[in-house]
Amino acid sequence: MTAEATASRPSRSGLRWGRLLLSDYAVLVLSAGWFVGVMPLAPGFATWENLANLVGGMLPLLVVATGQTLVLITGGIDLSVTSTIALASVVGARVMSGDSGWLGGSVLAVPAGVAAMLAVGAAVGGLNGAAVTVLRMPPFIVTLTTMMFVSGFAIWWTQSRNIGGLPAGFVAIGARTLPALLVALGVAGAAHAVLTRSLAGRWAYAIGHNPRAAFISGVPVRRVTLLVYVACGCGAAVASVLYTGRLEAGSPVHGQRILLDVIGAAVLGGTSLFGGRGTVVGTAFGVLFLGLLDNSLNLLNLSHFTIMMTKGAVILVAAWMDTVRRRLDTA
Amino acid sequence: MGPPENRDAEAGKLTARTQAIMKRMLPMLRGIGGLALAAVLGLSGCGRPGGTSADAGGQGPMTVGVSFETLQTEFWVAALEAFREELGKRNMRMLEAVADGDANRQLEQVKSFITRKVDGLVVVPKDAKTIIPVLKSANRAGIPIVLFNRPPDKSEARSVTVVADNYAITRATVDYMVRQAVRGGRKHKAMILIGDLGDINSIGRRDGFDDVVKAHPGAIEVVARIPTEWNQEKALAGVVNALQAHPDTSFIFTSSDFLFPSVVSALKSAGKYWKVGEPGHVWLGGFDGDGMAYQMLVDGYLDADGVQDVYFEAAAAVQAIVDLKAGKAVPERIEDVGFVIHQGNVKEMAPRMWGARTRRQGERPPGP
C-alpha cells in the first residue's frame with residue numbers, strides 16, 4: 001500500500017464520528033452532551049424535582065410525535081394533530097364535566113369521555129387518510145385544511161370557552177407522572193413494536209421509500225396509509241387526554257402552538273421528511289432533546305426570543321442533516 | 001452478510017462518501033455550531049440580572065419568577081419591561097419565561113421556577129381555567145403567586161390578582177367620547193370591535209361600551225359589532241365590510257389599541273380618516289394606551305383612549321409578593337382604575353401612558 005493511499009484512507013475515529021453524527025443516536029449523544037454542559041450553568045437543572053417536571057411535560061409531546069413519526073415514515077405529514085388535540089379535549093370535557101357534561105357525575109363519565117376523545121382522533125385521522133388515499137390529494141394541503149376546519153369547529157362549538165369540572169380520575173391520568181408515563185410508554189412501545197416486528201411496519205417503510213414500487217410488490221398501499229393516519233389521529237387524542245388531565249380543563253386551543261415541536265422532535269430523532277426512514281426510539285430522543293433545550297434555556301434565564309431562535313436553528317440543522325443522510329443513501 | 005473484505009470495501013466507500021460530504025459541510029457546521037454557542041452562552045452571559053448561576057433559593061436578594069403567556073403585542077412587552085424595572089428598583093432578581101400561548105408549557109415553566117425555589121411568582125395566565133394547576137403547584141410549594149391582568153376561575157387555590165378594571169376604564173373612555181360627540185344634539189352611528197369572548201377582559205370592555213351607549217338612547221345607534229377574536233385580519237375585514245354596509249358610521253371604539261392599524265387602514269380606504277375637528281372626522285376611541293394610540297393622539301386623529309396603568313400594576317404585583325412573603329394580608333384582587341387620555345390632557349397624562357414611553361424609546365437613536 002502506498003503512502004498516498006494510506007493518507008486518503010479514513011481514520012477509524014473519523015469513520016466512527018461520521019457514522020455517529022449521521023445515525024439515529026446522534027441526538028441522544030447531543031442530549032447527554034447538552035445535559036453535562038448546561039448542568040453547571042443552569043441552577044436547579046439537574047435536580048430530581050426539575051427532571052421529574054421535565055419528563056412530565058414531555059410525555060404528551062412524545063405521544064403525539066410518535067403518531068407523526070408513523071405518518072412521516074410513509075412519506076406523508078399530518079399538520080392537523082394540534083387541532084385534533086383541541087377538538088378531542090373539548091369533546092371529552094363536554095362528556096365528562098361535572099359542571100356541564102352530558103355524563104357529569106356518572107361512573108361512566110371517564111370511560112365514555114376517553115372513548116369519545118379516541119373516536120374524535122380516529123375520525124379526523126380517517127378523514128385525512130381517506131382524502132390522501134381515495135381522493136389522492138397531497139397530505140400537506142389535506143391536513144392543513146383539516147387543521148383549519150377542526151380548530152375553527154372546536155372554537156365555534158365552545159365559543160372559545162374552556163370546560164372545567166373534570167372528574168378526579170381523569171385528571172389523575174395526565175396530572176400524575178406515573179399514569180402519564182405508563183400511557184406514553186404504552187403508545188410509544190406499541191408503535192415501536194408495529195414498526196420493527198410486524199409486516200405492517202415493513203410495509204410502512206416500503207411505502208415511504210417508493211409507493212409505486214411498494215404497490216407493484218403487493219403492499220396494500222391505500223389500506224396501510226389510511227391506517228397510519230388513523231393511528232396518528234388516535235395518538236393525538238391520547239396526547240389530548242394527557243394535556244387535558246394535566247391542565248384540568250378542556251380547551252379549544254390546547255396544543256395549538258406545538259406543531260413545530262411535534263415535527264421537529266421526529267426530524268431531530270432521524271425521521272426523514274422524505275419518507276422511508278425513522279424510528280420511534282429516535283423520536284423519543286428528539287422529544288428528550290427538545291425538552292432539555294426548552295427547560296435549560298429557561299433556567300439560563302434567556303429571553304423568549306433567544307429561546308425561539310435557538311430552537312428554530314436546532315430544528316433547521318436537524319432538517320439539514322436529514323437532507324445529508326438522504327444524499328448519502330442515494331449517492 | 002458478505003465476506004470481511006467486502007465489508008471493508010463497503011465501509012471504505014461509505015466513509016469516502018461521508019468524508020466528501022462532511023468536507024463540504026464542515027465549514028457550515030462550524031458556523032452553525034459557533035452561532036448556537038454564541039447565542040446560548042453569549043446571551044446568557046450578557047443577560048439580565050436574573051441570569052446568574054447562583055441558585056435562587058440561596059441567601060441574597062429576593063428572586064421572582066415572571067411567566068408571561070405571550071409577548072406578541074406591545075402591551076405585553078411593555079408590561080414585562082415594567083416588571084424588570086420595578087424589580088430592579090427594589091434590588092430584586094427576576095427570572096422570566098414566556099409560554100408562547102401554550103398552557104402546558106406555562107405549567108412546566110412555573111414548576112421550573114418552583115424547583116429553583118423562587119421567593120415569588122408573577123404569572124400572566126393563558127386563561128382562567130388552565131391556570132388552576134399552576135396555582136395549586138405554587139400553593140403546595142408555599143410560594144406566593146400573583147396573577148397579572150387575568151383573574152382565575154373560582155377554585156380552592158389561593159392567589160392574588162392585579163387587574164385593570166376593564167369595565168370602568170372603558171366606561172369612562174366611552175362616556176367622555178359620547179359627551180363630546182353628541183354636543184349640539186348631533187347623532188352618530190357607531191361601531192365596536194369586540195375581542196375574544198373567551199377573555200373576561202374583552203367582556204368587561206364590551207359591557208362598559210354597551211352601558212354608556214344605552215344611557216344615550218337616540219344619540220348613539222350601534223350599527224356594527226365586529227367580533228375580532230383579537231385578530232387584526234378579522235378586524236380589518238370586519239371594519240371594511242361594516243363601513244360598506246354603513247358608510248355613515250361616525251363613531252368607532254376598539255376594545256384594544258393593537259387593532260388600530262386595521263381600523264385606520266379601513267378608514268383610509270373609505271376616505272374617512274380625518275383629524276379631530278376636520279369635517280368628516282370619525283370619532284375614535286380605544287383601550288390599552290399603546291404607542292400607536294399615543295401617536296394618533298399627538299397627531300390629532302384619536303379622540304380618547306382608556307389606559308391601563310402598567311407601572312402601577314407592576315408595582316402593585318411586586319408589593320403583593322413582598323407583603324405575602326412577610327405574612328401580611330393582601331386582598332385577593334387589586335384593581336388598577338387606569339385613566340382616560342384625550343385631546344384635552346395629552347401633555348399632562350402622557351408620562352403615565354406606557355405607549356408614550358415605548359414610542360419615545362423607539363425614537364431614540366441606538367446607543368454606542
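Rule-based calculations on the coordinates, nothing more; no lab input. These figures come from a predicted structure and were not determined experimentally. Ideal geometry is used to build each Cβ from the backbone, glycine not excepted, and the neighbour counts take in all protein chains shown.
Using the Cα centre as the reference, give the magnitude of the dipole from point charges on the C-beta atoms of the protein assembly as shown (Lys, Arg: +1; Asp, Glu: -1; all else neutral), rounded to the nearest 20 debye. Could the numbers behind the result be given before it?
Numbers: 65 positive and 53 negative charges, 365 e Å.
In total the dipole reaches around 1760 debye.
Using the Cβ of A:Ile207 as centre and a radius below 11 Å, the other residues enclosed give a net charge of +4, where K and R count +1 and D and E count -1.
Among A:Thr84, A:Thr143, rank each residue by its count of other Cβ atoms within 10 Å, from fewest to most, as a rough exposure measure.
Details: A:Thr84 35, A:Thr143 29.
Least crowded to most crowded, the residues run A:Thr143, A:Thr84.
What does the charge count near B:His246 come to, summing +1 for each Lys or Arg and -1 for each Asp or Glu among other residues with Cβ under 10 Å from its Cβ?
Values: positive: B:Lys189; negative: B:Glu221, B:Asp248.
The answer is -1.
When the protein assembly as shown is described by a simple charge dipole with +1 on each Lys and Arg Cβ and -1 on each Asp and Glu Cβ, the residue from B:Leu259, A:Phe45, A:Trp203 located farthest towards its positive end is A:Trp203. For the range B:253-332 and the range B:96-150, what is the separation of their Cα centres, given in Å? When both Cα centres are located, 27 Å separates them. Write down the percent of antiparallel bridges among all DSSP beta bridges whose residues are both part of the range B:217-368, to the nearest 5. Expressed as a percentage, antiparallel bridges in the range B:217-368 total about 35. Sorted largest first, the principal axis extents computed over the alpha-carbon atoms of the range A:109-241 equal 53, 34, 20 Å.
Suppose R0 equals 25 Å. What FRET efficiency, 1/(1 + (r/R0)^6) with r the Cβ-Cβ distance, do B:Lys325 and B:Glu85 give to the nearest 0.05?
Details: r = 20 Å, r/R0 = 0.81.
The formula returns an efficiency of 0.80 here.
Inter-label distance, B:Ala270 to B:Arg179: 2.7 nm, where each label sits 7 Å from its Cα along the C-beta direction.
Do the sum for chain A: with -39,500 (n - 2.57) for every DSSP H run of n ≥ 4, divided by all residues, what is the mean residue ellipticity at 222 nm, to the nearest 500 deg cm²/dmol? Each step should come with its number before you reach the end.
Working: 15 runs with 247 residues, N = 331.
When only DSSP H runs of four or more count, the value is -25000 deg cm²/dmol.
Fraction of C-alpha pairs exceeding 25 angstrom in the range A:199-331: 40 percent, rounded to a whole number.
Would you mind estimating how fast the range B:118-199 diffuses translationally, via Stokes-Einstein at 20 °C and 1.002 mPa s with the Kirkwood radius over Cα pairs, in µm²/s?
On the way: Rh = 15.5 Å.
For these conditions, the coefficient is 138 µm²/s.
Normalising the Debye intensity of the range B:63-158 to I(0), with uniform scatterers on Cα atoms only, and taking log10 at q = 0.13, 0.14, 0.17, 0.24 Å⁻¹ returns -0.39, -0.45, -0.67, -1.32.
Please work out whether the protein assembly as shown counts as rounded, prolate or oblate from its C-alpha gyration tensor, where a ≥ b ≥ c are the square roots of the eigenvalues and a/c under 1.5 means rounded, while otherwise a/b larger than b/c means prolate and anything else oblate? Prolate shape, in that a/c is at least 1.5 and a/b is the bigger ratio.
Would you please classify the overall shape of chain A from the alpha carbon gyration tensor, given that a ≥ b ≥ c denote the square roots of the eigenvalues, rounded means a/c under 1.5, and beyond that prolate means a/b larger than b/c while oblate covers the rest? Taking the square roots of the gyration eigenvalues as a ≥ b ≥ c, chain A is oblate.
Exposure proxy for A:Thr330, B:Thr63, B:Thr73, A:Thr306: other Cβ atoms within 10 Å of each Cβ, ordered fewest to most, give A:Thr330, B:Thr73, A:Thr306, B:Thr63. A viscosity of 1.306 mPa s and a temperature of 10 °C, combined with the Kirkwood radius over Cα pairs in Stokes-Einstein, give a translational diffusion coefficient for the range B:227-349 of 98 µm²/s.
Looking at the protein assembly as shown, send over the antiparallel percent of its DSSP beta bridges, to the nearest 5. Intermediate results must be reported in sequence, preceding the final value.
Values: 5 of 44 bridges.
Taking every DSSP beta bridge within the protein assembly as shown, about 10 percent pair in antiparallel fashion.
For every other residue with a beta carbon closer than 14 angstrom to the beta carbon of A:Arg246, add +1 if it is Lys or Arg and -1 if Asp or Glu, then tell me the sum. Net charge around A:Arg246: +3. Partner shielding of A:244-256 amounts to 5, given as the average count of beta-carbon atoms from other chains within 10 Å of each residue beta-carbon.
Shown for chain A are the DSSP H helices of 30 Å or more along their axis, judged by Cα atoms, with a mean Kyte-Doolittle hydropathy of at least 0.0: A:48-73, A:109-133, A:221-247, A:304-330. Pair-distance distribution P(r) for the range B:134-286, from all Cα-Cα distances in 10 Å bins starting at 0: 11, 36, 29, 13, 8, 3, 0 percent. The gain in end-to-end length when the A:Leu51 to A:Met308 segment is fully stretched comes to 90.4 nm, 0.36 nm per residue minus the alpha carbon separation. With the Kirkwood sum run over all distinct C-alpha pairs, the range A:200-256 has a hydrodynamic radius of 13.2 Å.
Beyond 20 Å, the tail of the calculated P(r) for the range A:12-84 holds 55 percent of the Cα pairs. Of all aspartates and glutamates in the structure, those lying under 13 Å Cα to Cα from B:Lys347, and not within fewer than 8 positions of it along the same chain, are B:Asp299.
The ranking of B:Ile114, B:Ile341 from fewest to most other beta carbons within 10 Å of each one's beta carbon is B:Ile114, B:Ile341.
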